[in-house]
1. Where does the stretch A:69-147 land on the Kirkwood hydrodynamic radius, alpha-carbon pairs, in angstrom?
2. On the first, second and third principal axes, largest extent first, how far apart are the outermost C-alpha atoms of the protein assembly as shown in Å?
3. Per residue, how large is the accessible surface of the stretch A:645-747? Use a 1.4 angstrom probe and give square angstrom.
4. Could you tell me which residue out of A:HIS786, A:LEU839, A:ILE774 lies farthest along the dipole of the stretch A:753-853 toward its positive end? Charges go on the beta carbon: Lys and Arg +1, Asp and Glu -1, centred on the Cα centre.
5. Describe numerically, in nm with one decimal, the distance between label points set 7 Å from Cα along Cα→Cβ at A:PHE740 and at A:GLU672.
6. What does the accessible area per residue of the stretch A:53-158 come to in Å², with a 1.4 Å probe and no ligands, DNA or RNA counted?
7. I'd like the Karplus ³J(HN,Hα) series for the stretch B:240-246: coefficients 6.51, -1.76, 1.60, θ = phi - 60°, whole numbers in Hz, and an x wherever there's a Gly or Pro.
8. For chains B and A, what's the summed buried accessible area, probe 1.4 Å, to the nearest 100 square angstrom?
Amino acid sequence: MDKFFNFVVKKPFLTLLGVIILLVVFSAGVFKIYLDNDLLHWFSKKSKIGALNYYVNERFESNNPIIVMFTLEEDVLRISNLIHIRRMSKEGKEIEGIVNVISITEVDDVKSTSGEMIVDKLFPDNFEDIKDFEGLKKYIKSKESYNGSLISKDGKSTVIILQPSPEKNADYVALKVRKFIDSYIKENNLNWKVYYGGTPMLLNSITDLVVRDLRFLIPLVSFVVFAVLFVSFRSIKATLLPLITVLIGTACAMGVMGYLKLPLTTFGVAIPVILIAVGNAYGIHVINEYHEKKKNNHVDVALLSVLKRTFIPILMSALTTFGGFLSIAFANEMRSARDFGIISAFGVIFSLIFTLTFIPPVLKLFPKGKVSFGKLTEESEHNIFSWWARFVFKYKKWIVLFFAGIAVISAYFLTKIQIKVDYLSYFDKKSEVAIVTDHINKTFDGSFELKLYTKGNVLDSTYLRTLQIIEEELRFMAGGKTRPSSPVSIFASLNEGITEIPMIPENAYEVENLYFFIDGNESIKNILSSDKNECLISFLLPSMESSTRYELVKKAEKLLNEYKNVSIIDRKVAKEKIYSFVSKMILNRMQRASITNISLKDIENFLSSIEFKERFKNYEEKYKYLCEVANNFYSTFGLKTADISKSDLLYGLSPLVWDTFIYPEGNTLVFEKTGVAGLMKLFTDVELTLLKNQLISLILIVIIVVVLNTITFKSLLEGFISLVPIIFTVLVNFGIMGLFKINMDFITITIASIAVGAGIDYTIHFLSRYTHEIENGKNYEEAFYHTFVTTGKGIVFNSLSVGLGFAVLNFSGILPLRSFGILMFVTMVVSALAALTLLPALIIYLRRVLKFY
Amino acid sequence: MNRLNLLILLTLLWATAFGLSGQEVLDKVEASLTGYSDQSATAEVTLGKIDGGVEETRIMKLWSAGKNRRVVKFASPPNVRDIGILVKSSDEMYIYLPAYKKVRRIQGSMKDQNFQGTDFSYREIGSFEYSDNYDSRVVKEDEKNITLELSKKPNSDAFYTRIIMYVDKENYLPLKLEMYVKEEARKVLTILQREKKEKYWILTHIRMEDLLKKHYTEIKMKDVIFDTGLEKKGVFSERFLEQPVK
């Protein structure tokens, strides 16, 4: 290294040329950076979390849907409005990247009337051909497949759901959809309110936030760091040098991101801010030391001395920070967290390299100038830190007890931390995105998918009825309103077309015959594979609390597992189970129709009062029986077909006429394979892995720090002692999160590791100087005071500049980044405080063991 | 040469110089394929991916008469055996499902949906009628072939906006059809083999490719019999539809 230092000092121009070349080559990669905030893309196809999601998206050509909701001042169901909806639907399907469009005008309907089966679009090609428009309107409003799914209950809102291809970035497709809809509305002077929802639209809003943040926060953090440095050094040169060093280091790191084709995510916003905040520390130490040495030495001698003296501490400092970021990279299955860790680690190394190759040559070429600290003279500075040293020395016992108390309280609040992963948590509740999403959720089903995947002989009635039981149980648990997209309802509708009963047929032969109608049909490819042995049930759900979502996902997994193998029981034996199931099915439909004055108990009582027939000869008998029960139901509860359509009610009652019922955990194999997928599952999985990743990353960084410090101080005990202030800091961080209900998510989870990696610097500097003073012959008391007055200022200003740099993230538009910024500020201040109070107190107590006396 | 002969010669020259119109060519094409009063045949239908292998083979029995009357019954595979479709007119279609032992009239927009997983729509299967829905013009003509461009008539409900038809000039049989929706080519129908039986031409082997789905359907026609009085035998009736395939 001496040869290198000599080269840097003796050949400043060449060294600077090398810096410029590095800068140009690496930073050019910035132009290759692209944005991708899709949570699924943060996991590889082979990862445990991502695998089924990717598979299901490709197999069923599905992706998170784009939802466009229109709210009108009049009824949607008017021909003039329907014409526009149809045009937007048809033209929407032509947009590149859209594979399917569902809207009220583009949906198929199956009806049965006296020997005829009508399989047609709900609305004909020519709206003028509709003979009974009022009748059709009543029909639509009574059917749960339309009411609440495609038309709102008040009839004034409707949705067009556009399905992007899984091969395209859904957020880019969503941008095209938005542009098209906006221009259509404008060109046609429609006085319609348009709300854009669905995950791809949310991703666009997140992207807007990311871009805005980058444009705003990078200059802001640069200004803050500049201000802190200027207050410290009172010299433009001394302020600009560390700042420029870290800016060029950051540019190179971001360029590496572009070259490695790593996408910029919400994590990525934090990278430049973190690097600017953390990376300038190395420059601060070099300049501080240089101005001390320059007083009595020639520039070359001073520079060489500075490089030799500061190299090890700043190298160790950089390596611990580097290790902190790498621990995030290696501990995470999430590619975004890994990429964040890797690029940040690169940034730290670049900052170190440029600190050693940019600052010294510039100082050599421009040696004049001095550093002074404003109103505070050296003497007053000396007095502050001497006072501090005396305080710690005198009250060391109370200091240790105080810190121990804080640690215990923090440990208690640590247990209160909530883990939450949700796109909506990015946004303020008052933000447009949150308001729009909430509005769509209240008017229709929701925007986030939960998908149930099964594999087996789909064209088997037992298989389909098992699916029916699972989807109705899950629907019941979710409150009953949400209606899944599923092959079950399609086969039930087709059966209705033939037999007038909407139900899954009794045997596989009938199911096979019904499949004839939909074989090769485009509209089923999202729910049924072409080889008929895989299917997908999709629920659209609103955003919900993590605990509720977790329970729902767990229930879905449990049901799929329980019903993998079933028993087929005769209806006579299964009477109670049938009644219980039918009660839930009916209640689901009541909930969806907003009929809330009828409880589950009411329905159960009603069913107990009807005659249970043990046998039916044919479909005609079943139909007659079900119609009697349905009529009885309408009159008992004072309902009409306008409240709940006869078709929906018959479907809910249909298990009453099943010849057999299905019990879970039997001997008949139904599903060869099952799984739960969709965004809801993704959120839940990420939450569950966060804790594990956090622990792994913490353990890794602790090991790295202990090893590095043991090497530096040549003592394992010192290596462990150096951890104490930082472990305390991490505990306080978690305690604050628990106390102030700051959620642990995929951004705040990185705090602990970064805090260890960055905050350990203060401990290293204090211990390093203290050891140096002891080795120079001072006793422990003299070494103690001298360490305080020499490193104290550096540690305080270092922590302030880093902490304030992080605090800039409080101005981010992304909520989790705000929490991250504030918490990082606190951890930097706490770690500096612990390094200057708790650590010295411990050193005094352990001086004999450490041989510091 | 007298004046009458000169007039005849000039008329013939005129007709030769300008050739047939697109509509005339189309009429000849349709006539070459539908000249019979009725036809019955067995069709072997093969489905597969364009860049993959064969997925499935089915056997169907076909009976047709005139422009619109058709009966299609499945002989294999077992899961569709005896399912039958009866088309009486463009608006009158019936289906028989043997599992339910019921015939149901079907109304609606199924005619442009793919027929039973094939790349032919209900409208296309067993039918070669275009003049009702398309205007035709000649875009190219050489010694052997004529290329027609068929454009959808304004009030037609046909699915394709435009069809390019390549016609063999010798016998006015189609060679290939390219079907477009707006500017996008959606399907290609290729006539791979044809035979003349009695006085009628049969397209014995055809292949339809769906360019979007990258899927194909090949139909081979066998045991073709013409003019056997199917109407009188009551083939185009619901009763016949219910009978099992022999």
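The values are calculated or read from the model by the stated rules, or taken from the named source; none is laboratory data. Only a predicted model underlies this, so the values are computations on that prediction, with no experimental measurement involved. Cβ coordinates were reconstructed from backbone atoms using ideal geometry, including for glycine residues, and neighbour counts include every protein chain displayed. Note: accessible area is taken over every heavy atom of the protein model, side chains too, but ligands, DNA and RNA are not part of it. Shrake-Rupley method; radii C 1.70, N 1.55, O 1.52, S 1.80 Å.
1. Details: mean 1/r = 0.0721 Å⁻¹.
Evaluated on the stretch A:69-147, it is 13.9 Å.
2. 127, 97, 53
3. Numbers: 3790 Å² over 103 residues.
Spelled out: the 1.4 Å probe surface of the stretch A:645-747, per residue, equals 37 Å².
4. So the residue furthest toward the plus end is A:LEU839.
5. If labels sit at A:PHE740 and A:GLU672, their model points lie 5.4 nm apart.
6. Working: 4310 Å² over 106 residues.
I get 41 Å² per residue for the stretch A:53-158.
7. 5, 4, 6, 6, x, 6, 8
8. Working: alone 13740 and 34960 Å², together 46200 Å².
Roughly 2500 Å² of accessible surface disappears when B and A pair.
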